[in-house]
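For reference, the structure discussed in these notes is given below.
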Amino acid sequence: MVRVSRNLYREAYEYIKEDSAQGNCIVFVSADVDSLCAALILQNLLKADMVAYKLVPVSSYKDLERAKEQLVIKDDDLVSIFMINCGGLIDAREFFEIEDFTKIYIVDSHRPLNLSNVDPRNLQVCVFDDDDDTERFDRVLDAYEAVTYNSESDSNDDTDGTDDESLDYRSKRRKLDKEREIHKTSRHKKREQRALLAGYYTIGSYHANSSAAILYELANQLSKSNNDLLWFAITGITAQYLYERIDTKKYIESIKIFRDDTARFNVNRGDEASASDDGGGINIEDEYRFMFFRHWSLYNSMYYSSYVSSQLSLWNDASDNKLHSFFALMGFKLEQCRQIYAHMDINLKNRLRAKIEEVSPHYGLTELSYPSFTRCYGSTCTLSASDMVYAISAMLETSPATAVRLGQGTNTSENKEWKELPMNNTDDEEVNRESHRWWMKNFYQAHDALSKNSSDAVLRGIHLSMETQQAIARQVSAAIGKRVFRRYKTFRFLAINGGPELPMLQHPLALHRLALFTSDVYRASATRQSPLIIASLDEEHNSYLLVSFTGALMFGDIKRNSFAIAFQEIANTTSLSVSLEAIEPTVLYMKKDDLPHFIHKLNTMPL
């Protein structure tokens, strides 16, 4: 097994079923949209096959370490560990110190993978691969095996001296020359292999295909796919695309099967969904690059969109007249565009798409839409895949205190499937106890919103996301307009130390969205696209959260992030209090006082 290619997904799953019949199964899942969607697909498959499992959300490697101590080491009957977007970058077998009969199955979009997990001699770890760039990966794996296992001595060909005495001088010379040439070629090949291996790990962090898409392919191979699983897969890969973890080409290729399955599963639904239909029909429909237009006003949706705002320079307070002229050219009155979309005149709604397609090229909005999907929730609510992504992200990233302040507080449903792992009583653990609790509660709420097809829960997430997006837009406008971003040799840096937006910008997902918005602005203004480091102060814990992002020159492309390597080097070579416990390698935490020294050190490093 070891590296599970697409044609072997089903076979690997049969091993999971067979093993789990003899013991216990644990599923570790990272706290992001794609991971949640992938976990829900896997849960449906396991439940259908009556495989008992324990689902354990994790937000850091510290969570994994705690789970190892509380759940893995103490379980003598544990036979299967499933890791969703949280195991590919570590040596999983070494980390868990598992028994020989325990298998680890990894579905992880993070790259580059830790090659120990795909070592052909490591029969306890199986990685579901998306078959992307297989030829190059095979060369890297061959180099890994050669460097790791080739311990043959270059001098083992020595023979007895008395035999050499009997050889003709010319024969001896030819033999020595041949051996030197062989050894020279061998040394050259080893250098090439080491260079290839070093290049693999230092090329930078990036993402492969969505984990939800991989597990949906498994469901298809098992003939167990349906509308719900299809929607989870669509949402997962849309998250990868919107957060610029895959490029447009990869996204378009990946959704081809989703378009076919949408037609297959929804052929008899027609254009309307029953009000009592819990699942809801899925439709193929292009989506705009402005957020929540079905749930917001058209004006706000476009004004706070990173794409529209950057292309029309709306982030500059003096430039919103471009949006006014855009609506005027469409023939839409400004007061109509400021109405909530649901209250707009039906004639305007019917003309909206045609008018936008007609007018947008005049304003350089050539990438204003992309192929996507919508789903009906009863007869009154339609949600797009992007609506789901932003809503679920907001539910994951917003602290309960902030949600209550924004009027979107809610009670967490009782879910007996999860239990919060006990925390040790060290000082550091006590400091992080409350934040640990609220992200766990958020995970449960987001899981419920996805799994129960609850439009009410998703709409709460949408309203949270609207507030966060407005905070992000204000922050970007202030930071760029007032030149708060500091320019260093190889990156731009922003520290958010206060202000009303700070509580909404203390989660990696929110800071990542801020980085995306900033990158769009610099890209549209033809300014040199430097990598970004954005830090958010946690006043309570006297620490910073740092998120790094590397934007591509062209919209729709992606660029690999080399900060993870630099972060690791600084952590290894300095005494700075750098914490690399985040599952996402481009995220770190540090003490407030160490930030200036960290930025100075980072500025001296090549990126």
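The values are calculated or read from the model by the stated rules, or taken from the named source; none is laboratory data. None of the values given here were measured: they were computed from a predicted structure. Quick reminder, even Gly has a Cβ in these numbers, built from the backbone with ideal geometry, and neighbours come from all protein chains shown.
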* To do: Output the number of the condition that Val476 fails; it satisfies all remaining conditions of (1) among the hydrophobic types (A, V, I, L, M, F, W, C); (2) more than 19 Å from Ile392 (Cβ to Cβ); (3) under 20 Å from the mean Cα position of the chain (by Cα).
  => (3)
* Asked: If Ser536 satisfies every condition in (1) farther than 19 Å from Arg405 by Cβ; (2) of a type in the set (S, T, N, Q); (3) modelled with pLDDT of 90 or more but one, which is the exception?
  -> (1)
* Candidate set: the range 93-120, residues that are under 22 Å from Ala52 (Cα atoms) and of a type outside the set (D, E, K, R); chosen: the one surrounded by the fewest Cβ atoms within 10 Å (Cβ to Cβ) -> Phe101
* Structure fact -> Within the range 494-533, of all residues that are within 16 Å of Trp315 (Cβ to Cβ) and of a type in the set (D, E, K, R), the one modelled with the lowest pLDDT is Glu501
* Could you grab me the full set of residues in the range 572-588 that are within 23 Å of the chain's Cα centre (by Cα) and more than 20 Å from Gly87 (Cα to Cα)? => Val578
* **Restricting the range 534-562 to residues that are of a type in the set (A, V, I, L, M, F, W, C) and under 21 Å from Ser59 (Cβ atoms), the residue that is surrounded by the most Cβ atoms within 10 Å (Cβ to Cβ)** => Leu546
* Asked: Quick one: in the range 539-571, which of the residues that are of a type in the set (Ser, Thr, Tyr) and under 20 Å from the mean Cα position of the chain (by Cα) is modelled with the lowest pLDDT?
  -> Ser562
* Consider Ile392 carefully, then state whether it is free of Cβ contacts under 8 Å to residues at least 60 places away in the same chain, of a type in the set (A, V, I, L, M), out of contact with any Ser or Thr (no Cβ under 6 Å at 6 or more places or on another chain) and outside the structural domain of Ala510 (by TED's automatic domain parsing). => no
* Structure fact -> Scanning the range 572-592 for residues that are out of contact with any helix residue (DSSP H, G or I) (no Cβ under 8 Å at 6 or more places or on another chain) and touching a residue at least 12 places away in the same chain (Cβ under 8 Å), the one nearest to Ile496 (Cα to Cα) turns out to be Lys592
* Kindly indicate whether Asp77 is among the charged types (D, E, K, R) and crowded, with 22+ Cβ neighbours inside 10 Å. => no
* **Evaluation of Arg513 against (1) free of Cβ contacts under 8 Å to residues at least 24 places away in the same chain; (2) basic (Lys, Arg); (3) under 30 Å from Ile90 (Cβ atoms) (one fails), failing number** => (1)
* Asked: Here are some conditions: (1) in contact with a Ser or Thr (Cβ under 7 Å, 6 or more places away or on another chain); (2) on the phi > 0 side of the Ramachandran plot. Ala526 meets all but one. Which one does it not meet?
  -> (1)
* State whether one or more residues within the range 55-74 are farther than 28 Å from Gln445 by Cβ, outside any helix (DSSP H, G or I) and at pLDDT below 95. => yes
* Structure fact -> Residue hits (the range 496-515; small (Gly, Ala, Ser) and touching a helix residue (DSSP H, G or I) at 6+ places or on another chain (Cβ under 7 Å)) are Ala510
* Hits in the range 240-265 - residues which are in contact with a Leu (Cβ under 9 Å, 6 or more places away or on another chain) and not charged (D, E, K, R) -> Leu242, Tyr243, Phe258, Thr262, Phe265
* **Options Ser5, Ser35; residue that is within 22 Å of His207 (Cβ to Cβ), touching a residue at least 12 places away in the same chain (Cβ under 8 Å), surrounded by fewer than 24 Cβ atoms within 10 Å (Cβ to Cβ) and within 24 Å of the chain's Cα centre (by Cα)** => Ser5
* Entirely in the range 199-257, the helices (runs of 4 or more DSSP H) that have 2 or more residues that are at pLDDT 95 or above, surrounded by 24 or more Cβ atoms within 10 Å (Cβ to Cβ) and not hydroxyl-bearing (Ser, Thr, Tyr) -> 211-221, 227-242
* Show the residue pairs that are 6+ apart or on different chains and have beta-carbon atoms under 7 Å apart, the first residue being within the range 118-141 and under 23 Å from Ile237 (Cα atoms), the second being among the polar types (S, T, N, Q). => Val127/Asn117; Asp129/Ser5; Asp130/Asn209; Asp131/Ser5; Asp132/Asn209
* Which one is surrounded by the most Cβ atoms within 10 Å (Cβ to Cβ), of the residues in the range 131-141 that are out of contact with any Leu (no Cβ under 9 Å at 6 or more places or on another chain) and either in a helix (DSSP H, G or I) or at pLDDT 85 or above (or both)? -> Thr134
* Identify, from the list Leu40, Leu89, the residue that is outside any loop (DSSP other than H, G, I, E, B), aliphatic (A, V, I, L, M), modelled with pLDDT of 95 or more and under 27 Å from His507 (Cβ atoms). => Leu40
